[in-house]
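This report concerns only the one structure given below.
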Amino acid sequence: MYNREVNGAGQGSNLSAESLLSQRHPNVKDAVCSLPEYQQWVQSLPEVVVDDVTYYVRGGDMLKDFDQVLWEWTRKNRPDLLPPE
Amino acid sequence: MPETDKSLARALLESSPALKERMETNLYEHLRNRLRKVQIDGESYYIAEGDTLLDEDQLFFYAQQRQAYEKQLRADKAATDAGLGLMRLMGVTVTGERGLMGQLQGGKIVRWAPGVALSYCVLKSTFPSNEQYVKVGAAMSEATKAWEAACGVAFEYKADLDDSETVRPEGVLFTVRFLDTGGTFLAAAFFPNDPPDRRRVLIDPSYFSPDLKFDPVGILRHELGHVLGFRHEHIRSGAPPNCPDEDTTDTIDLTQYDPKSVMHYFCGDLGSKTLEITDMDKAGAQKVYGLPLNSFQLVGP
C-alpha cells in the first residue's frame with residue numbers, strides 16, 4: 001500500500017492537508033492501512049497516473065492522493081480512530 | 001449618489017408605470033414617513049442608513065431590496081430552526097440542506113484570493129492532433145467567459161505558453177492538458193487548496209468521442225467550477241440514490257438544491273447534459289466571489 005506514496009503523492013513541498021495530517025498522526029495511518037476492509041476498499045478505486053504520480057479517482061472526476069482517500073475512509077467508516085480535534 | 005443611478009431608477013419606473021403597483025409598498029411608505037429629508041441644490045433627498053441620500057425613486061427600489069433581503073433572512077432562519085442547517089463542518093453533521101456547495105478549510109470558505117488572475121495555457125504538445133488542441137482552446141474560452149459572467153473571477157489565457165515543452169510552465173496558474181486515462185473520466189480538474197503541482201485540467205480522449213453525451217463546453221464549465229472551489233451538487237442527502245456518493249466533510253451549502261446545476265452529474269434522471277451555469281449557481285458563486293467584475297464602475301484614487 002505504501003509504495004504508492006513512493007511514487008510521489010504527498011511528497012515534497014506539495015502536500016495535501018491530509019498528507020500533513022498523516023505526518024502528524026502516523027499511528028492512525030498505520031492502523032487504518034492494516035485494516036483488511038480498508039485495503040479491500042482502496043484497491044477497488046480507479047487509479048490514474050499523472051506525471052508518474054498515482055492518484056485515486058473519486059466522484060468521477062476528482063484526483064485524490066493516498067492520504068486523502070485514507071482520511072476520507074476513516075472519517076466515514078472508523079471515526080473512532082480519528083485523533084481528537 | 002451618482003446622477004446615473006438616479007436616472008436609472010427613474011427610467012425604470014417611467015418605462016413601466018405598472019411596476020410600482022405590482023411591487024410591495026409597505027416599507028416604502030413607512031420609510032417615506034420616517035426618514036429625515038434634506039434639500040441639496042433644490043433637490044429633496046431622504047437620508048437612509050445615516051449617510052445615504054436617496055431621491056424618491058431610489059427610495060422605492062431601496063425599500064424593495066430591503067424587503068427582499070429581510071425575507072431571505074427570515075427564510076434562512078426558518079430553515080435553520082427546522083433543522084435544515086446551512087453548514088456541515090468537520091465533526092459536526094447538520095443534515096438536510098442541499099445546494100451549490102463550497103469547500104471549507106479551517107472553518108472558512110476556500111476561494112482564490114481577490115485579484116488573482118486565473119491564468120492558464122493549453123499545452124499543445126500533449127494533444128494528439130491540432131484539431132483537438134484547437135477544440136479544447138475554444139471550449140476553454142467559452143467556459144471561462146461563462147464563469148466571468150457569473151461571478152467576480154477573471155481568467156487569463158496565455159496562448160504564448162501553449163507551445164511549452166514542460167508540463168509545468170512558469171507564468172500560468174494552471175495548465176490544460178491531454179492525458180489518456182482510458183476513459184476513467186472525460187475531464188478532471190483541481191481545487192484551489194490542492195497542492196500547487198496538481199493545478200491542471202486533464203482532458204481524456206473520451207472527451208472527443210463522437211458519442212459524447214455532454215456539451216464539451218459544459219464539461220469544462222463543470223471542471224472550472226471545481227477550479228473555483230465548488231463541489232458536486234448531487235452529493236447531498238436528497239439527491240437520487242444512484243448518483244455517486246462523496247465525502248461531504250468540510251463542505252458548505254451556498255444555495256438551495258439545484259438539480260440543473262452545472263455541478264450536478266446527469267444521474268437519477270436529474271442534471272443537465274448541457275451543464276449550463278444556472279441562476280442558482282450564479283447566486284451561490286456570487287456568495288463566494290461577488291458580482292461579475294464588469295458589474296462595477298471602478299473609480300481610481
Seminar exercise, completed: Long-range amide H partners of B:PHE178, meaning residues 5 or more apart or on another chain whose placed amide H is closer than 5 Å, are B:THR126, B:PHE127, B:ILE203
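Past the 29 Å Cα-Cα mark, which pairs from A:LYS29/B:LYS108; B:LYS260/B:LYS287; B:LYS145/B:LYS260; A:LYS29/B:LYS124?
Working: A:LYS29/B:LYS108 26 Å; B:LYS260/B:LYS287 19 Å; B:LYS145/B:LYS260 19 Å; A:LYS29/B:LYS124 40 Å.
Correct reply: A:LYS29/B:LYS124.
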For this session: Shielding by partners for A:60-72, please: the mean number of other protein chain Cβ atoms within 10 Å of each residue's Cβ.
Result: 5
Seminar exercise, completed: Expected unfolding gain across B:GLU170-B:GLU156 under the 0.36 nm per residue rule, minus the alpha-carbon gap, is 3.6 nm
Exercise. In the stretch B:157-227, what trypsin sites (Lys or Arg not before Pro) fall in a loop by DSSP, with at most 11 other Cβ atoms inside 10 Å?
Worked result: B:LYS213
Seminar exercise, completed: Proxy exposure order for B:TYR207, A:TYR55 (fewest C-beta within 10 Å first) is B:TYR207, A:TYR55
Seminar exercise, completed: Here the FRET efficiency for A:HIS25 versus B:ASP180, based on Cβ atoms and R0 = 35 Å and rounded to 0.05, is 0.45
Problem set entry | Rounded FRET efficiency, nearest 0.05, which uses the C-beta distance separating B:ASP197 from A:LEU82 and R0 of 22 Å | 0.20
Problem set entry | Estimated FRET transfer efficiency (A:GLN43, B:PHE266; beta-carbon r; R0 22 Å; 0.05) | 0.20
Exercise. What is the local net charge at B:ALA187, summed over the other residues whose Cβ is closer than 10 Å to its Cβ (Lys, Arg +1; Asp, Glu -1)?
Worked result: -3
For this session: Over every pair of different alpha-carbon atoms in the stretch B:112-151, take the mean of 1/r and invert it; report that Kirkwood radius in Å.
Result: 11.6 Å
Exercise. D for the stretch B:152-301, whole µm²/s, Stokes-Einstein with Kirkwood Rh over alpha-carbon pairs at 20 °C and 1.002 mPa s: what number?
Worked result: 126 µm²/s
For this session: Quickly work out the B:GLN297-to-B:SER119 label distance, labels modelled 7 Å from Cα along the C-beta direction, and quote it in nm with one decimal.
Result: 3.2 nm
Problem set entry | Taking B:HIS226, B:HIS234, A:HIS25 and counting other C-beta atoms within 10 Å, the order from fewest to most | A:HIS25, B:HIS226, B:HIS234
Problem set entry | Distance in nm between pseudo-label sites at B:ASP55 and B:GLN105 (7 Å out along the Cβ direction from Cα) | 4.8 nm
Seminar exercise, completed: Listing B:MET140, B:MET101 by rising number of other beta-carbon atoms within 10 angstrom, fewest first, gives B:MET140, B:MET101
Exercise. Of B:SER209, B:ALA139, B:PRO192, whose Cα points farthest to the positive end of the dipole of the stretch B:131-238 (charges on the beta-carbon: +1 Lys, Arg; -1 Asp, Glu; origin at the Cα centre)?
Worked result: B:PRO192
Exercise. Per 5 Å bin from zero, what fraction in whole % of the C-alpha pairs of the stretch B:171-240 is there, up to the bin with the longest pair?
Worked result: 3, 16, 23, 24, 19, 11, 5, 0, 0
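Rule-based calculations on the coordinates, nothing more; no lab input. Small disclaimer: the values here were computed from a predicted structure and weren't measured. Backbone-built Cβ (ideal geometry, glycine too); neighbour counts: all protein chains shown.
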